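Down below is the structure, laid out as structure tokens.
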Amino acid sequence: MQGLTKAPPKPPVKAVEDFAAAAIDLAPCLLMPAGVIPFAKDIICFIRAVLACLLTQLKSVYNLAQGLQLRIEAAEGNDDLLAQLNCAQKNAFKSAQNLQQAIDPIATLLDLANPIMEMAGMPSISLQTPGASPQDLAGLKAVIDALQEVVDMIDSLGICGAS
């Protein structure tokens with residue numbers, strides 16, 4: 001490299017060969033965007049897998065709560081049965097609240113991944129869920145719809161293989 005600083009430059013042949021070999025070894029670091037694409041893809045596919053798992057669980061809780069609601073309506077007049085069904089529905093919504101706590105870290109990870117996704121030429125994706133924890137069927141359905149929208153958007157990118 002000292003030969004490059006002389007005027008006119010006269011680096012030794014060995015130095016040029018060594019520099020070329022070192023440049024080839026450093027190319028992956030210097031060409032960062034080429035390595036960003038697989039990294040961004042892996043992050044997005046991980047997020048999709050976690051969201052799909054949460055969706056499955058939330059849909060299961062929703063179906064349970066919906067079935068309990070129908071039974072509650074049919075149990076009018078039977079105070080003991082009504083108390084049991086209301087307790088079971090309360091537990092179902094508590095499960096949904098616990099599941100929703102797992103969404104915030106995924107939303108944060110998605111926000112952190114957006115600049116990397118943009119460098120890889122992918123669109124930004126954000127996860128906006130209703131602020132309050134689901135206390136009823138409508139609130140739970142809103143959370144499910146928000147997660148489904150993000151999963152569908154990721155699927156539209158076609159980067160995560162078979163879904």
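Only the coordinates and a few stated rules stand behind these numbers; no lab work does. In this text the structure is predicted, and so the values were computed from the model without any measurement. Note: ideal-geometry Cβ built from the backbone for every residue, glycine included; neighbour counts use all protein chains shown.
For the reader, a short list of remarks on this structure follows.
- Using Cβ point charges alone (K and R +1, D and E -1), the dipole size of the stretch 33-157 about the Cα centre works out to roughly 240 debye.
- For the stretch 33-157, the Kirkwood hydrodynamic radius from C-alpha pairs, put into Stokes-Einstein at 4 °C and a viscosity of 1.567 mPa s, yields a diffusion coefficient of 81 µm² per second.
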